[in-house]
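> Pasting a structure here, questions to come.
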Ligand SMILES: NC(=O)c1ccc[n+]([C@@H]2O[C@H](COP(=O)([O-])OP(=O)(O)OC[C@H]3O[C@@H](n4cnc5c(N)ncnc54)[C@H](O)[C@@H]3O)[C@@H](O)[C@H]2O)c1
């Protein structure tokens, strides 16, 4: 299918997945990025991120000629009809989304766009951004469409190819529908809205999911006190279709590249419009408490003082199936532990670089396997739900570790296996 060339600006988790998937649907896609090494490596078929199925799609796209990578947004937009902006919108430090990169790219590409081009924001951007970008681009013959991305890291390709829905919003509804057509073969419901609603949908969806997790984590805390079990509680909740089974697992708090910045950005939007949103504030507070509770458990496990104690961390990424460490609860917990003088040795299947040498996480030493991380440790803390931890050979761990205690921040380990290996299990939201 060829309906007009597609340019994707920014080849991160969202841009690369979108570009490769759109190419596999038969579209002609050119992806542009500012990092020369990334462009060179992608052009050679090397995918720098861990996403199930992405390597194969990139290889397929390069081989078919449907997918290519170029340096710079200006080069990518040449002759393009559809321009997807998949650029970073990080927290500006004040809770708001930092739109400087999105604005700069809009300014850069404005004069270069083909007449009739459609610029599509796939980045998560605050309400009113489409209007602002229209002004920056300053072209009557170019339409702006908001098309938020709902993919989840680790299953991004699957999410893109089998979306629950495709949302397109614009003041130009014909342009919105045209963008929706690019996904037509996926058979997902198309939700056509105003640009403002579309921009809000993404924030509302992420904040709602974060709220659900914070709620479950607070119930888990309460369960410990009243003698209940969070696993049993959620088992009894999940079959109610009004609740559902997703985002109903207790854990060390939510994190990642989206939820923290998006909940903050939504709170800032509410604040800017003088709308009180206590539920959102509580969602963020409860998330901080969830991390603090894990730290409390780890501290208690070593006798109340972390100074000089070695904590073995099983898992560093913000969730399983991804190599993304951005705002990972495990890293935030590490910082709290290090702040109290703990020594940290971690194992994560996707973290091979020496984090010790990294300026971002100087307090963590990375081990090559979970047993090595646990060697001589004073406590083990399981923080990311990598499936391999569920089957870990705890008898082997027991041989060289210094501890008899495992804090299971994901409730993954079988209490029987832990006990059989001679450890004490400290779970979340359940009785030890
Ligand atoms: N990661 C997710 O799971 C996810 C899901 C849905 C939505 N989003 C949103 O999508 C957007 C992108 O997120 P991401 O995780 O893919 O980010 P990312 O940091 O992984 O990727 C961004 C890419 O943009 C490139 N870039 C930066 N400046 C550029 C410029 N001037 N020109 C061209 N390329 C440039 C970077 O080099 C990088 O490759 C954000 O707004 C995010 O909130 C992310």
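The values are calculated or read from the model by the stated rules, or taken from the named source; none is laboratory data. Computed from a predicted structure; not experimentally measured. With ideal geometry, Cβ positions are generated from the backbone for all residues, glycine too; neighbour counts draw on all protein chains shown.
> Conditions first: (1) more than 26 Å from residue 153 (Cα to Cα); (2) surrounded by fewer than 19 Cβ atoms within 10 Å (Cβ to Cβ); (3) touching a strand residue (DSSP E or B) at 6+ places or on another chain (Cβ under 7 Å). Residue 420 passes all but one, so which condition is the exception?
(3)
Let's see how each residue does on (1) part of a loop (DSSP other than H, G, I, E, B); (2) assigned by TED's automatic domain parsing to the domain that holds residue 258; (3) touching a strand residue (DSSP E or B) at 6+ places or on another chain (Cβ under 8 Å):
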{"position": "141", "(1), (2), (3)": "yes, no, no"}
{"position": "153", "(1), (2), (3)": "yes, no, no"}
{"position": "159", "(1), (2), (3)": "no, no, no"}
{"position": "179", "(1), (2), (3)": "no, no, yes"}
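> Can you name every residue in the range 78-118 that is part of a loop (DSSP other than H, G, I, E, B), under 21 Å from residue 176 (Cβ atoms) and touching a residue at least 60 places away in the same chain (Cβ under 8 Å)?
Selection gives 80, 81, 86, 87, 89.
> Looking only at the range 257-274, decide whether some residue is in a loop (DSSP other than H, G, I, E, B) and in contact (Cβ under 8 Å) with a residue 12 or more places away in the chain.
Yes - at least one qualifying residue is present in the range 257-274.
> While we're here: So which of 321, 315 is within 25 Å of residue 247 (Cα to Cα) and either within 16 Å of the ligand (Cβ to nearest atom) or not assigned by TED's automatic domain parsing to the domain that holds residue 399 (or both)?
After applying the criteria, what remains is 321.
> A follow-up question, please. May I ask you to verify whether residue 109 is surrounded by 16 or more Cβ atoms within 10 Å (Cβ to Cβ), farther than 24 Å from residue 201 by Cα and within 13 Å of the ligand (Cβ to nearest atom)?
yes
> Another question, if that's okay. What residue, among those in the range 310-352 that are in contact with a strand residue (DSSP E or B) (Cβ under 7 Å, 6 or more places away or on another chain) and part of a loop (DSSP other than H, G, I, E, B), is surrounded by the most Cβ atoms within 10 Å (Cβ to Cβ)?
The qualifying residue surrounded by the most Cβ atoms within 10 Å (Cβ to Cβ) is 315.
> Among (1) more than 10 Å from the ligand (Cβ to nearest atom); (2) within 23 Å of the chain's Cα centre (by Cα); (3) at pLDDT 95 or above, which single condition is residue 125 missing?
(1)
> Report whether or not residue 45 is more than 26 Å from residue 118 (Cβ to Cβ) and away from the ligand (no atom under 13 Å from the Cβ).
It is true that residue 45 is more than 26 Å from residue 118 (Cβ to Cβ) and away from the ligand (no atom under 13 Å from the Cβ).
> Pairs under 6 Å by beta carbon, first residue on the phi < 0 side of the Ramachandran plot in the range 124-137, partner within 14 Å of the ligand (Cβ to nearest atom) and assigned to a loop (DSSP other than H, G, I, E, B), six or more apart or different chains?
Matching pairs, first to second residue: 124/89; 125/89.
> A further question follows. Can you tell me which residues in the range 71-87 are within 12 Å of the ligand (Cβ to nearest atom) and surrounded by 18 or more Cβ atoms within 10 Å (Cβ to Cβ)?
Once the filter is applied, which keeps residues that are within 12 Å of the ligand (Cβ to nearest atom) and surrounded by 18 or more Cβ atoms within 10 Å (Cβ to Cβ), the range 71-87 yields 73, 76, 77, 83, 84, 85, 86, 87.
> For the range 67-77, does any single residue satisfy the condition of being assigned to a loop (DSSP other than H, G, I, E, B) and within 19 Å of the chain's Cα centre (by Cα)?
No; the residues of the range 67-77 include none that is assigned to a loop (DSSP other than H, G, I, E, B) and within 19 Å of the chain's Cα centre (by Cα).
> Select, from 381, 346, 320, 390, the only residue that is more than 20 Å from residue 291 (Cα to Cα) and either under 23 Å from the mean Cα position of the chain (by Cα) or without any contact (Cβ under 8 Å) to a residue 40 or more places away in the chain (or both).
None of the other options fit; the residue is 390.
> Please find, among 238, 261, the residue that is out of contact with any helix residue (DSSP H, G or I) (no Cβ under 8 Å at 6 or more places or on another chain) and within 16 Å of the ligand (Cβ to nearest atom).
Sole residue among the options that is out of contact with any helix residue (DSSP H, G or I) (no Cβ under 8 Å at 6 or more places or on another chain) and within 16 Å of the ligand (Cβ to nearest atom): 261.
> Could you list, in sequence order, the residues of the range 182-199 that are assigned to a helix (DSSP H, G or I) and touching a strand residue (DSSP E or B) at 6+ places or on another chain (Cβ under 9 Å)?
Listed by number, the residues that qualify are 184, 186, 195, 196, 197, 198, 199.
> For the range 88-106, give me the residue count where each residue is within 14 Å of the ligand (Cβ to nearest atom) and either more than 27 Å from residue 193 (Cα to Cα) or not assigned by TED's automatic domain parsing to the domain that holds residue 143 (or both).
Qualifying residue count for the region: 1.
> Okay, next question. Being in a loop (DSSP other than H, G, I, E, B) and within 15 Å of the ligand (Cβ to nearest atom) is the filter; apply it to the range 5-26 and report the residue that is surrounded by the fewest Cβ atoms within 10 Å (Cβ to Cβ).
Top of the filtered list is 12.
> Does the range 275-283 include one or more residues that are under 19 Å from the mean Cα position of the chain (by Cα) and closer than 20 Å to residue 12 by Cβ?
No, every residue in the range 275-283 fails to be under 19 Å from the mean Cα position of the chain (by Cα) and closer than 20 Å to residue 12 by Cβ.
> With the requirement that a residue be outside any helix (DSSP H, G or I) and at pLDDT below 85, what does the range 353-375 give you?
Result: 353, 354, 358, 359, 360, 361, 362.
> If you go through the range 268-282 one residue at a time, do you hit one that is within 16 Å of the ligand (Cβ to nearest atom) and farther than 22 Å from residue 338 by Cα?
Yes, the range 268-282 contains at least one residue that is within 16 Å of the ligand (Cβ to nearest atom) and farther than 22 Å from residue 338 by Cα.
> Within the range 211-238, count every residue that is on the phi < 0 side of the Ramachandran plot and either outside the structural domain of residue 266 (by TED's automatic domain parsing) or part of a loop (DSSP other than H, G, I, E, B) (or both).
3
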